[in-house]
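Colleague: Below is a structure I'd like to ask you about.
The values are calculated or read from the model by the stated rules, or taken from the named source; none is laboratory data. The shown structure was predicted, so the numbers you read here are calculated from the model rather than taken from an experiment. Note: ideal-geometry Cβ built from the backbone for every residue, glycine included; neighbour counts use all protein chains shown. Heads up: the accessible areas ignore ligands, DNA and RNA and are worked out on the full protein's heavy atoms, side chains in. Shrake-Rupley method; radii C 1.70, N 1.55, O 1.52, S 1.80 Å.
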Amino acid sequence: ILKSGCKPTLYSYVYIAAGWQRKKRMEVLEMAKYVEEAVAKIVTELIAGKGLELVAVEYVKERDWYLRVFIDKAGGIEIDDCQELSEKLEEILDAKNIIADSYILEVSSPGLDRVLKTDQDFAREIGKMVEVSFYAPIDGEKILIGKLTGRDAAGLTIDEDETIPMDKIAQVRLHIQF
């Protein structure tokens, strides 16, 4: 902040620019969250009664803006499921003009090694092998692979005997065995 009568210095310009960039980043994050929530609501309405589940919506800036919608269903999704949802969603988004920037729409499955986030995800995958990544090493290990046997307020239970507090866990994903 410049005092009255002071000449601006390079440092003051850098300080002002850094503050502006931080504010701009926050605006972008808020806009992305708004888009994700709005799209999730639309997708939920579109897939109602079709046996599909909305897994996640991501609106991210890479080189271009990407709107990614991940869906699933018992037995796995088909390409026709993705195509149908993509066409309907694109039509609605264009009509409602929710997204101001140009973007690339991707509708897909969350993949074989999907990240587990919601209570539904964990309940569906009980009994399967998971890969648990920690924020900091536990007993010298940063990753634990084992059978998911439970999840509750106490944490995540692996192999029926090891409960890990959720605040120690960075990410849980399905483990693919080769």
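Colleague: Give just the number: which of (1) touching an Asp or Glu at 6+ places or on another chain (Cβ under 9 Å); (2) within 30 Å of E30 (Cβ to Cβ) does A95 not satisfy?
Modeller: All conditions are met except number (1).
Colleague: Pull up segment 64-78, narrow it to residues that are of a type in the set (D, E, K, R) and not in a loop (DSSP other than H, G, I, E, B), then point me to the one that is surrounded by the most Cβ atoms within 10 Å (Cβ to Cβ).
Modeller: Applying the filter and picking the extreme gives D72.
Colleague: Here's something else I'd like to know. Looking at this structure, is V130 at pLDDT 90 or above, under 21 Å from G49 (Cα atoms) and of a type in the set (V, I, T)? Step through it out loud before you land on a result.
Modeller: Numbers: at pLDDT 90 or above: yes; under 21 Å from G49 (Cα atoms): no; of a type in the set (V, I, T): yes.
Spelling it out, it is not the case that V130 is at pLDDT 90 or above, under 21 Å from G49 (Cα atoms) and of a type in the set (V, I, T).
Colleague: Is one or more of the residues making up segment 30-49 open to solvent by less than 70 Å² (accessible area, probe 1.4 Å), touching a strand residue (DSSP E or B) at 6+ places or on another chain (Cβ under 6 Å), modelled with pLDDT under 90 and not in a loop (DSSP other than H, G, I, E, B)?
Modeller: Checking segment 30-49: at least one residue is open to solvent by less than 70 Å² (accessible area, probe 1.4 Å), touching a strand residue (DSSP E or B) at 6+ places or on another chain (Cβ under 6 Å), modelled with pLDDT under 90 and not in a loop (DSSP other than H, G, I, E, B).
Colleague: Let me ask something else about it. For segment 124-135, indicate whether the set of residues that are open to solvent by 90 Å² or more (accessible area, probe 1.4 Å) and among the polar types (S, T, N, Q) is non-empty. Can you show your working first?
Modeller: At the first step, the residues of segment 124-135 found to be open to solvent by 90 Å² or more (accessible area, probe 1.4 Å) are 128, 135.
After this cut, where a residue has to be among the polar types (S, T, N, Q) as well, the list is none.
Scanning segment 124-135 turns up no residue that is open to solvent by 90 Å² or more (accessible area, probe 1.4 Å) and among the polar types (S, T, N, Q).
Colleague: Could you go through segment 82-98 and let me know if any residue there is open to solvent by less than 70 Å² (accessible area, probe 1.4 Å), in contact (Cβ under 8 Å) with a residue 24 or more places away in the chain, closer than 22 Å to E53 by Cα and of a type in the set (G, A, S).
Modeller: Checked against the condition, which is being open to solvent by less than 70 Å² (accessible area, probe 1.4 Å), in contact (Cβ under 8 Å) with a residue 24 or more places away in the chain, closer than 22 Å to E53 by Cα and of a type in the set (G, A, S), segment 82-98 yields no hits at all.
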